[in-house]
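S.K.: This is the structure, below, for whatever I ask next.
Only the coordinates and a few stated rules stand behind these numbers; no lab work does. Owing to the predicted nature of the structure, the values given are computational and were not obtained by experimental measurement. Here the Cβ positions follow ideal geometry from the backbone for every residue, glycine too, while neighbour counts run over all protein chains shown.
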Amino acid sequence: MANQVHYTVAIVGAGTAGISVAARLARASKQLKGNIVIIDPASKHYYQPLWTLVGGGAAKKEDSEREMSSLIPEGVDWMQDAVTSFQPEQNQLQTQAGTTVTYDYLVVAAGLHIHWDGIKGLKDALGKDGVCSNYSYESVDSTWEAIQSFKGGTAIFTHPNSPVKCGGAPQKIMYLADDYFRKSGVRKQSEVIFASAKSVIFDVKKYADTLDQVVKRKGIQTKYKRNLIEVRADVKEAVFENLDTKEQEVIKYDLLHVTPIMKAPDFLKESSLTDQGGWVDVDPYTLQHKTYPNVFGLGDCANLPTSKTGAAIRKQAPVVENNLLALMRDEPLTAHYNGYTSCPLVTGYNKLVLAEFDYNQNPQETFPFDQSKERFSMYVMKKDMLPVVYWNGMLKGLM
Amino acid sequence: MNEMKEQQKNDTAFEGLSDPEVQEAIQTLIQKLPKIKDAVLAAEQGLEFATSVMKDQQSLRSLFERAEEQMAPFRIEKESIVALMALMDKMPKILKLVSALEQVADLAESLMKDKESQQYLFASVQGYIKPVTQQIDHAVEVFQEAKERSEQKQQSVSIFDLYKLLKDPTVQKGLRFAQSVVEVIGEKQRHSK
């Protein structure tokens with residue numbers, strides 16, 4: 001017989017967004033304690049921003065992993081199960097184990113899906129003969145191995161033609177690799193290429209200006225509007241499509257760091273909660289669902305026109321918390337998200353540009369100095385302070 | 001006319017009594033009658049006691065006097081009431097501050113319990129100071145070894161040893177530095193004259 005449970009608030013996804021919102025709600029309302037459930041099948045939780053540094057040999061990947069059970073906030077239940085379908089009209093959802101969860105309010109924070117099969121030949125080539133990627137816990141070591149064993153030749157770093165988590169990450173690892181190649185004495189006999197599906201190095205001009213200088217200083221060749229479509233591992237060739245001319249371009253590689261295609265999770269796409277692209281269709285300011293008022297969406301799975309980062313979630317979570325509580329009290333939704341996001345652009349070992357901006361791509365800088373300059377202090381903040389703030393501040397609903 | 005109305009009333013009452021729900025309610029009431037009787041008697045006793053106390057002026061006076069004595073240290077003056085009102089006025093701001101303090105305290109508490117983050121921070125600090133401590137350790141090691149060797153050596157330093165020493169790159173570097181210092185001092189002195 002099918003199992004049925006009811007919660008006041010059901011949260012789909014125990015990533016950064018799901019746990020942050022759960023912790024905030026449990027802190028804000030004692031009545032909600034014991035009436036919130038987080039549904040997620042994963043047994044581990046990862047602090048993914050650290051993977052750039054892990055791939056560059058500047059951090060240990062073990063520091064990015066924690067047991068999920070240790071992070072579920074007090075007063076919140078965790079259902080270790082996967083959601084298979086939603087019926088928002090009936091305020092209910094189904095899980096893989098056959099449980100029907102009914103709810104008064106739903107928060108969708110399901111993250112995004114890495115589509116390893118989206119690039120032909122990538123899945124089989126990954127982790128072997130110089131093909132690497134920072135985008136999973138299993139493959140992140142392969143990046144550091146590939147960088148260390150690189151003896152010169154062509155090193156290619158890609159950026160796909162899809163939304164990605166942290167828009168700057170595909171190039172951060174390239175800057176670290178370039179630094180390491182200089183240290184190990186192979187840079188002179190190497191060519192470093194940044195092949196990006198985008199048309200500029202970065203969307204916000206203030207930071208793009210700095211990054212253009214960094215690329216120039218490092219002698220990195222940029223190839224824009226190039227989308228990686230195939231990896232021919234047997235002959236060490238990367239096949240790109242020119243997004244303007246639709247012509248194919250084949251480049252030989254000795255090291256290939258791939259940023260895979262990312263898309264909305266399939267179980268979301270099949271629901272009536274999403275837009276045409278498969279992303280949860282929410283109001284960009286209140287984060288309330290456009291059709292179902294008792295549903296909120298945030299994080300990577302939401303169709304917000306901003307860069308998908310943990311820093312963005314840090315600003316979205318309080319908005320969802322306040323607006324959901326306001327809705328419970330029949331009050332107007334006054335909390336607004338302005339599209340704030342942040343990208344700590346590592347430009348080398350001990351150097352970082354801290355980009356912060358909003359929906360209008362206007363800088364929204366935190367510190368009282370020009371953050372478009374490369375700084376050691378900002379590198380220390382990313383590497384040493386932010387992980388601690390993440391585990392003890394964000395996931396506890398404090399920051 | 002009046003009789004008809006009376007008859008209608010009675011009919012309605014009988015109709016009500018034929019309702020199964022009403023019948024069930026009456027049955028429940030009858031079952032609970034003993035408990036209802038006890039409750040009414042208890043209330044009656046309580047009422048009698050209260051009336052008796054109210055009449056007993058002496059006991060009442062003594063009771064109020066004792067209460068006044070006990071409350072004396074906490075007597076609320078007008079000043080206290082004004083302060084309380086002022087405090088109430090500041091409550092929203094105080095709440096904000098207390099909430100912020102609570103967050104800081106919770107963050108500190110979380111960090112105190114989080115051994116993994118403590119180790120991470122400790123390793124980070126070690127990573128930054130390691131190059132410096134390594135250099136210091138190296139310098140101390142060189143100094144110690146040189147000291148031990150010099151203490152063991154008994155023979156005098158010959159002119160040939162000095163000549164060999166002068167050709168040593170480290171000595172040359174030191175001498176060049178000394179030479180430059182002498183040059184700079186000389187130039188500065190000439191400028192100041």
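S.K.: For a quick check, take a GNM of chain A with Cα springs below 10 Å and name the residue from A:THR143, A:THR154, A:THR16 with the largest mean-square fluctuation.
M.R.: Among A:THR143, A:THR154, A:THR16, the largest mean-square fluctuation in the Gaussian network model of chain A belongs to A:THR154.
S.K.: Could you give log10 I(q)/I(0) at q = 0.10, 0.12, 0.15 Å⁻¹ for the stretch B:58-193, computed by the Debye formula over C-alpha point scatterers of equal weight, without solvent?
M.R.: Log10 of I(q)/I(0), two decimals: -0.80, -0.93, -1.07.
S.K.: Rank A:LEU333, A:LEU25, A:LEU256 by mean-square fluctuation in a GNM of chain A with C-alpha springs under 10 angstrom and give only the top-ranked residue.
M.R.: Among A:LEU333, A:LEU25, A:LEU256, the largest GNM mean-square fluctuation belongs to A:LEU333.
S.K.: Taking 7 Å along the Cα-to-C-beta vector as the label spot, tell me the A:PHE367-B:THR133 distance in nanometres, rounded to one decimal.
M.R.: 2.6
S.K.: Per-residue ellipticity at 222 nm for chain B, helices alone: DSSP H runs ≥ 4 residues times -39500 (n - 2.57), over residue total, nearest 500 deg cm²/dmol?
M.R.: -32000 deg cm²/dmol
S.K.: Ok, one more. Computed on alpha carbon atoms, what radius of gyration and Dmax characterise the protein assembly as shown, expressed in Å?
M.R.: 36.8, 152
S.K.: Here is a follow-up. Using the C-alpha gyration tensor of the stretch A:12-156, what are the square roots of 5 times its eigenvalues, in whole angstrom, with the largest one first?
M.R.: 37, 18, 11
S.K.: Relative to 2.2 N^0.38 Å, what does the C-alpha radius of gyration of the stretch A:115-262 come to as a ratio? Two decimals please.
M.R.: Values: Rg = 14.1 Å, N = 148, 2.2 N^0.38 = 14.7 Å.
Cα-based Rg divided by the globular estimate yields 0.96.
S.K.: Among A:LYS123/A:LYS396; A:LYS151/A:LYS183; A:LYS206/A:LYS263; A:LYS60/A:LYS382; A:LYS128/A:LYS382, which pairs are too far apart, with a Cα-Cα distance over 24 Å? If you can, show how the numbers build up before the last one.
M.R.: On the way: A:LYS123/A:LYS396 36 Å; A:LYS151/A:LYS183 12 Å; A:LYS206/A:LYS263 28 Å; A:LYS60/A:LYS382 14 Å; A:LYS128/A:LYS382 30 Å.
Pairs exceeding 24 Å: A:LYS123/A:LYS396; A:LYS206/A:LYS263; A:LYS128/A:LYS382.
S.K.: Also: For A:ARG375, which sequence-distant residues (separation of 5 or more, or a different chain) have an amide H within less than 5 Å of its own amide H, given hydrogens modelled in the peptide plane?
M.R.: A:LEU352, A:VAL353
S.K.: Also, I was wondering about something else. Show which aspartates and glutamates lie in cross-link reach of A:LYS205 when reach means a straight Cα distance below 15 angstrom and same-chain residues fewer than eight apart are skipped.
M.R.: A:GLU356, A:ASP358, A:GLU365, A:ASP370
S.K.: On a C-alpha basis, how far is the centre of the stretch A:186-234 from the centre of the stretch B:153-193 in Å? Whole number, if you could?
M.R.: 51
S.K.: How far, in degrees from 0 to 90, does helix B:20-55 lean away from the longest principal axis of the Cα atoms of chain B, to the nearest 10?
M.R.: Roughly 80 degrees between the two axes.
S.K.: I'd like the distance between the alpha-carbon centres of the stretch B:118-145 and the stretch A:60-102, rounded to an integer number of Å.
M.R.: 45
S.K.: Can you list the residues, at least 5 places off or on another chain, whose amide H is less than 5 Å from the amide H of A:GLY297, using H built in the peptide plane?
M.R.: A:VAL108, A:HIS289
S.K.: From the P(r) of the stretch A:248-392, can you give the percent of Cα pairs sitting at distances over 23 Å? Walk me through the numbers on the way to the answer.
M.R.: Details: 5249 of 10440 pairs.
Pairs farther apart than 23 Å: 50 percent.
S.K.: Using θ = phi - 60° and the Karplus curve 6.51 cos²θ - 1.76 cosθ + 1.60, what whole-Hz ³J(HN,Hα) does each residue of the stretch A:71-84 get, with Gly and Pro shown as x?
M.R.: My calculation for the stretch A:71-84 gives 10, 5, x, 4, x, 10, 8, 10, 9, 7, 7, 9, 6, 10 Hz in order.
S.K.: Could you pull out the chymotrypsin sites (Phe, Trp or Tyr not before Pro) across the stretch A:366-399 that fall in loop regions by DSSP (anything but H, G, I, E, B) with no more than 14 other Cβ atoms inside 10 Å?
M.R.: Here the sparse-neighbourhood loop sites are A:PHE369.
S.K.: Hey, another quick one. Sequence neighbours fewer than 8 away in the same chain don't count; with that in mind, list the aspartates and glutamates whose C-alpha is under 16 Å from B:LYS113.
M.R.: Qualifying aspartates and glutamates at Cα under 16 Å: A:GLU67, A:GLU74.
S.K.: A further question follows. Sequence neighbours fewer than 8 away in the same chain don't count; with that in mind, list the aspartates and glutamates whose C-alpha is under 14 Å from A:LYS252.
M.R.: Correct list for A:LYS252: A:ASP129, A:GLU191, A:GLU230, A:ASP234, A:GLU237.
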